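The values are calculated or read from the model by the stated rules, or taken from the named source; none is laboratory data. Just so it is clear, the model here is predicted, and its values are computed rather than measured. Don't worry about glycine lacking a Cβ; one is built from the backbone with ideal geometry, like all the others, and counts go over all protein chains shown. All accessible areas refer to the heavy atoms of the entire protein, side chains included, with ligands and DNA or RNA removed. Shrake-Rupley method; radii C 1.70, N 1.55, O 1.52, S 1.80 Å.
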Amino acid sequence: MQNPVFVIEGLDGEKTLSGAIPVYGAKNAVLPALAASLLIQGESTFENVPGIADIPAMGRILEGLGAHVRRDGRTLTVNAKEITSSVLDSVSARSLRASVLLIGSVLARTGRVTFPHPGGDVIGERPIDLFISAFQKLGATFSETEDTYTLSAPNGLSGGEFFFRVVTVTGTEAVMMAATLAKAPVTLKNCALEPEVVATAEFLKSCGARIEGAGTSTIVIHPSPLTPPVKPHRIIPDRIEAASFLALGALAAKELTVTDIEPAHLDAVIQGLEYMGVPLVVGKDFITVRAPEHLLPTRLRTHEYPGFATDAHPPFLILLTQAEGDSVMIESIFDGRLAYTKELVQMGADITIVSPHRANIRGKTAFTAANIETPDIRAGLAFMLAAIIAKGKSKVANAHLIDRGYEAIENRLQAVGVKIQRV
Ligand code: EPU
């Protein structure tokens with residue numbers, strides 16, 4: 001089957017979008033929740049699960065380990081009563097970086113886990129050294145063959161303390177979840193503070209885990225038996241999707257309301273928009289945004305939460321191209337993430353890559369339509385925004401990569417006035 005392409009008829013700078021656009025459950029919250037469900041000898045049910053391609057991909061790996069996965073609309077149930085394998089399917093695991101989340105739960109549950117290197121990707125090197133050293137610190141032994149790694153702790157993980165040399169989101173989640181089955185307390189230091197870490201801890205707590213400090217830099221996990229959750233666990237709103245739609249509104253909306261969100265997770269985004277002169281009305285679970293006549297230039301620097309999220313950088317970089325004056329984007333997390341900007345230059349942006357971590361942007365520049373191929377989910381969204389404000393008809397190829405993180409995005413964009421089709 002050929003990869004789908006989005007065909008977008010640009011607005012040529014008109015600010016006409018209007019209506020409401022809903023945000024669905026967070027990709028980066030469902031994936032760790034599914035990994036955590038493997039720790040539970042029984043059924044876990046999740047609500048507000050988005051219809052994105054990464055979920056069936058993760059589901060296939062869970063089924064390969066012996067779990068049963070059932071989906072009914074936005075509700076997904078995992079039955080992990082029996083886990084029959086400790087080996088992650090290498091083809092699936094290699095194609096889904098988030099499969100690293102499973103290392104911890106499979107190791108803790110079965111005493112062993114074998115997995116391939118989950119691979120880097122276009123946004124840069126994605127090492128797993130911290131996962132390995134954390135589990136070694138908790139008593140696991142490590143071995144490797146040409147194409148697989150194995151961690152083994154046949155008598156269970158011990159307690160102890162681990163300091164993350166680099167703040168890592170999935171690393172924090174994977175080690176925290178494994179530690180719930182350790183024999184003694186585990187203290188994790190320099191943890192990621194992301195809302196998805198907190199949500200994963202909340203799910204585990206609803207299963208009986210004793211976790212203190214999730215959402216701060218030190219998390220302590222005490223031994224406690226896990227039992228199937230009594231209530232379904234609701235997946236938190238996707239703050240990156242929210243940020244992407246807010247950027248869209250700031251670029252092209254008469255009035256756009258982004259609904260079903262958690263504004264408390266969007267402080268850095270809200271501050272950035274306000275600084276640029278974007279009128280916002282922030283409600284309890286929605287934000288209404290209008291594209292201003294003039295956008296002010298600014299300097300954005302991606303940072304671990306609660307700083308400005310690296311995954312929100314590409315859509316916001318489009319906003320910077322439309323600000324009047326000199327802006328800067330500092331990408332501090334991933335060293336390959338700025339590569340997509342060369343396509344934007346072809347469309348009319350004035351961007352100078354000063355280093356793998358810094359782009360200087362001079363605005364405002366008009367965009368002309370182009371045929372572009374997205375290298376990853378977040379750059380894909382940026383290309384869609386560029387196409388929406390451009391003059392003429394653009395084609396954004398590799399739409400299947402956008403589907404990894406955004407459910408049926410074309411339907412939601414059509415509903416607020418974007419002329420977009422999937423072909
Ligand atoms: N790092 C190491 N060693 C490790 C692990 C990470 O050096 O063992 C470094 C990385 O090289 C990177 C830094 O730590 O420089 C931070 O990366 P992190 O580990 O936090 O990234 P991740 O956990 O693999 C999650 C999201 C990403 C998001 C990043 C940063 C999930 C499933 N993925 O990845 O989401 O960009 O955190 O916020 O939660 C996306 O959704 O498009 C996406 C890429």
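Taking all protein chains as they are arranged and a probe of 1.4 Å, the heavy atoms of Ser332 leave approximately 50 Å² accessible to solvent.
Excluding Ser224 itself, calculate the net charge of residues whose Cβ lies under 10 Å from the Cβ of Ser224, where each Lys or Arg counts +1 and each Asp or Glu counts -1. Combined, the nearby Lys, Arg, Asp and Glu give +2. Restricting the calculation to alpha carbons of the stretch 185-275 gives Rg and Dmax of 17.1, 54 angstrom. Expressed per residue, the C-alpha convex hull volume of the stretch 27-234 stands at 104 Å³. To check you understand DSSP bridge types, tell me what percent of the beta bridges within the stretch 27-234 (both residues inside) are antiparallel, rounded to 5. In the stretch 27-234, approximately 75 percent of DSSP beta bridges are antiparallel ones. Shape analysis of the chain yields a ratio of the Cα radius of gyration to the Kirkwood radius, Rg/Rh, of 0.98.
Using a probe radius of 1.4 Å on heavy atoms only, what accessible surface per residue do you get for the stretch 27-234? Whole Å² is fine.
Computed with neighbouring chains in place, this is 40 Å² per residue.
Loop-located trypsin sites (Lys or Arg not before Pro) in the stretch 155-239 (DSSP state not H, G, I, E or B) with no more than 11 neighbouring Cβ atoms inside 10 Å: Arg165.
Once C-alpha pairs closer than 8 Å and six or more residues apart are averaged by separation and normalised to the residue number of the stretch 106-219, the relative contact order reads 23 percent.
So what is the calculated 222 nm ellipticity per residue for the chain, using -39500 (n - 2.57) for each DSSP H run with n of 4 or more, over all residues, to the nearest 500 deg cm²/dmol?
Helices in the chain give a 222 nm mean residue ellipticity of -9000 deg cm²/dmol.
Within the accessible area of the chain, what % is carbon and sulfur when the probe is 1.4 Å and the other protein chains stay in place? It would help to have the intermediate numbers written out before the result.
Working: 8390 of 16700 Å².
Result for the chain: 50 percent of the exposed heavy-atom area is carbon or sulfur.
Each label was represented as a point 7 Å from its Cα along the Cα-to-Cβ direction; for Val230 and Lys81 these points are 2.2 nm apart. Mean separation of Cα pairs under 8 Å and 6 or more residues apart, divided by the residue count, gives the chain a relative contact order of 21 percent.
Pairs exceeding 25 Å between alpha-carbon atoms, taken from Lys183/Lys231; Lys81/Lys231; Lys189/Lys284: Lys183/Lys231; Lys189/Lys284. Using a cutoff of 8 angstrom between alpha carbon atoms and counting only pairs six or more residues apart, the relative contact order for the stretch 27-234 works out to 21 percent. For Lys395, the aspartates and glutamates whose Cα comes closer than 20 Å to its Cα, not counting residues fewer than 8 places off in the same chain, are Glu9, Asp12, Glu14, Glu343, Glu373, Asp376, Asp403, Glu407, Glu410.
Using a probe of 1.4 angstrom and keeping all protein chains present, the accessible surface of the stretch 326-391 works out to 39 square angstrom per residue. Annotation: Cα Rg of the stretch 73-132 relative to the compact-globule expectation 2.2 N^0.38 Å equals 1.25. With the whole protein complex present, Glu212 retains an accessible surface near 100 Å², based on a 1.4 Å probe. Distance between the C-alpha centres of the stretch 298-327 and the stretch 142-209: 31 Å, rounded to the whole angstrom.
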